[in-house]
Amino acid sequence: MPRELNFIVVGASVAGLAAAIGLKKAGHEVLVLEKAERLGEGHSMIPVGCARVPPNGSKILYDWGLGEEVNALDYPTEVKGFFAGYRYEGTGPDHARDLLGYQSYSEEMLSEARGNYLIMRQEDIAKILSDELHRTSSESAFDTPQRPSVNKSEQLIRFNANVVSIDLDACAVTLANGEVLRADVIIGADGPNGVVRSALLKEEEDAGVSWDDDGSEFMEVDPQAPALGAMNPPRWFYNGIISQEDAAKVDSEEMKSYLERGMSIFFGSNCTAVVLRTGHGLSFYVITDIVATNISDSLGADCDSGLRQLAMLADANTASPPIIFQRVEYTPLESWVSESGRVVVIGEAAHPLIPGSLQSYAVSLEDGAFLGKIFTHTDDPERIPEFLHAFQEHRQPRTNMIAEMEKTYIAVLALPNGAAQRVRDAAFRENYARGRDLADMMEGTEAGDTMEETRFLFGYSPQDDADEWWMTWGRFHDSPLAEGPGRNAARQSWFDFANGNMGSLPVAHVAVSTREDGSAMPLEANLKSQWFFTTSSSGESTPRFDAEETESSSL
């Protein structure tokens, strides 16, 4: 390239590190600014300390050649069975464990997705990505005959670099020590409460921008209003860590199940608990409407006895104290890109997912991989706004869809006791008794459509999506996104184009996956969840259960 672009990434989160890797591989200059002293601080998601990476995320790691680093960790990372399901209350007067069954995705589905379901320590995935960033700095080609060694002589991540303000027009950041840094592009990967997202919200507020609900990350919920039925998840989150030493105090059979399955889900009435294998210890979280000062008190009176022991161990962990917070409905951004077209947010800063989401890490990896791939096609500073708007226009429909899926996922885990819950549990037990995995269970039923959507979710490739934009839009340089200043002109031009109002120009897909016959499949923004729900005439998502056909309505 005659001139590489200069990028500043605010936040060494998974999204920030992934973007830095992708951009470095594309041949650009990157500097990551992290306010913490080291990796892994300040970017923990629920579950704390634990990174769940489904196949659409792990395949990005594999594509970058990081499978060897993942496999070299001193604990198993692959989840062979998707999860073990139990009743939250347990059974009998002693609240003994009540198994609903084990669920897994088929080997065929995982093979098609080119990925595995991974559970890793958050600090380990951060280190693997950091090492790859420094390895990439040695040789910025996508395909190398030999993997270069990690080279940390070049400062690619500055720690203790607290960004206190952003000049969106000048594309500059000011650090707490007064230092001002400038770049061609600033990428905000510092989370939903970060300085970059805040600056974009302030810019929209000053411009009088009003948000259209149709594309928001979250439904705006009045806390004083009645609950929105079964699809409104509980609002309080309690998370703790059980260390390897404390895990030795857990019943050996229970601990064996936690370690072998990787994820254990306890289905309760208006509550749920999830236990995750985290290295050689456990991460444990509860989602409920009960307000308490510790995890033990959040469990309620009727609770599996093993869960209560885990809560006591987590509450007593002074090295990693429990985290308690209430779910926040974040104000959505009308645009992820500044008016100047030079500042963009990614990951949780762009599209915060509900805590406890399965896709948090995968979506962050997707964002970074998409940005890196799309910027292989330009070194022209004048095209930066066009490329950043293309990032949002391709990624936002998918992240909106995933956000709604995640809300539904958690709501279904916490279905109130009643007819729908009984049908769900009965289907779970029957499926387990028949030895069927999720795909086999749904074959030939309406729920099979949902499994196809899960295949599509896992099969997505951000690199292919970025190339699709380039081939159907980006290579036609005289595009409306390159004409006219400002966010609104760019967005309107794109929507005109996407709606077929741009004459004979090619029609772009929002995203691309591949069917078994090799043909392209465009992403629809209103895909249903991998959990079963339909849309009522009022537009509200409700569980889809059929008491007469439990096979077609099981999870």
Fill in the blank from the handout: The residue that is surrounded by the most Cβ atoms within 10 Å (Cβ to Cβ), considering only those in segment 1-39 that are small (Gly, Ala, Ser) and part of a helix (DSSP H, G or I), is 18
Exercise for the section: For segment 235-274, enumerate the residues that are at pLDDT 90 or above and among the aliphatic types (A, V, I, L, M). Expected result: 241, 242, 247, 248, 250, 255, 263, 265, 273, 274
Fill in the blank from the handout: By residue number, the members of segment 166-181 that are touching a residue at least 40 places away in the same chain (Cβ under 8 Å) and assigned to a strand (DSSP E or B) are 166, 173, 175, 181
Exercise for the section: Return yes when residue 281 is under 23 Å from residue 88 (Cα atoms), at pLDDT 90 or above and in contact with a Ser or Thr (Cβ under 6 Å, 6 or more places away or on another chain) and no when it is not. Expected result: yes
Practice task
Would you confirm whether any residue within segment 75-86 is farther than 22 Å from residue 460 by Cβ, modelled with pLDDT of 90 or more and charged (D, E, K, R)?
Solution key: no
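For (1) at pLDDT 95 or above; (2) touching a Phe, Trp or Tyr at 6+ places or on another chain (Cβ under 8 Å); (3) crowded, with 21+ Cβ neighbours inside 10 Å; (4) in a loop (DSSP other than H, G, I, E, B), each residue gets a yes or a no:
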{"site": "357", "(1), (2), (3), (4)": "no, yes, yes, yes"}
{"site": "371", "(1), (2), (3), (4)": "yes, yes, yes, no"}
{"site": "375", "(1), (2), (3), (4)": "yes, yes, yes, no"}
{"site": "390", "(1), (2), (3), (4)": "yes, yes, yes, no"}
{"site": "404", "(1), (2), (3), (4)": "no, no, yes, no"}
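Matching residues to (1) modelled with pLDDT under 90; (2) buried (at least 20 other Cβ atoms within 10 Å of the Cβ); (3) of a type in the set (A, V, I, L, M, F, W, C); (4) out of contact with any Leu (no Cβ under 9 Å at 6 or more places or on another chain):
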{"site": "409", "(1), (2), (3), (4)": "yes, yes, no, no"}
{"site": "412", "(1), (2), (3), (4)": "yes, yes, yes, no"}
{"site": "418", "(1), (2), (3), (4)": "no, no, no, yes"}
{"site": "430", "(1), (2), (3), (4)": "yes, no, no, yes"}
{"site": "442", "(1), (2), (3), (4)": "yes, yes, yes, yes"}
{"site": "453", "(1), (2), (3), (4)": "yes, no, no, no"}
Exercise for the section: Look through 173, 180, 221 and report the one residue that is under 25 Å from residue 364 (Cβ atoms) and modelled with pLDDT of 95 or more. Expected result: 173
Exercise for the section: Output the residues belonging to segment 86-120 that are of a type in the set (D, E, K, R) and free of Cβ contacts under 8 Å to residues at least 24 places away in the same chain. Expected result: 107
Completion exercise
A careful count of residues in segment 282-341 that are in contact with a His (Cβ under 8 Å, 6 or more places away or on another chain), part of a loop (DSSP other than H, G, I, E, B) and surrounded by fewer than 18 Cβ atoms within 10 Å (Cβ to Cβ) gives 1
Handout entry: Any hit, segment 363-381, residues being closer than 22 Å to residue 8 by Cβ and among the aromatic types (Phe, Trp, Tyr)
Key = yes
Completion exercise
Taking segment 339-359 and keeping residues more than 10 Å from the chain's Cα centre (by Cα) and of a type in the set (A, V, I, L, M, F, W, C) leaves 343, 344, 345, 346, 349, 350
Handout entry: Conditions (1) in a loop (DSSP other than H, G, I, E, B); (2) under 30 Å from residue 168 (Cβ atoms); (3) modelled with pLDDT under 90: number failed by residue 214
Key = (1)
Practice task
From the list 61, 73, pick out the single residue that is surrounded by fewer than 23 Cβ atoms within 10 Å (Cβ to Cβ) and aliphatic (A, V, I, L, M).
Solution key: 73
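The values are calculated or read from the model by the stated rules, or taken from the named source; none is laboratory data. Not measured: the values here are computed from a predicted model. Positions of Cβ are generated from backbone atoms using ideal geometry, with glycine treated the same way; all protein chains shown enter the neighbour counts.
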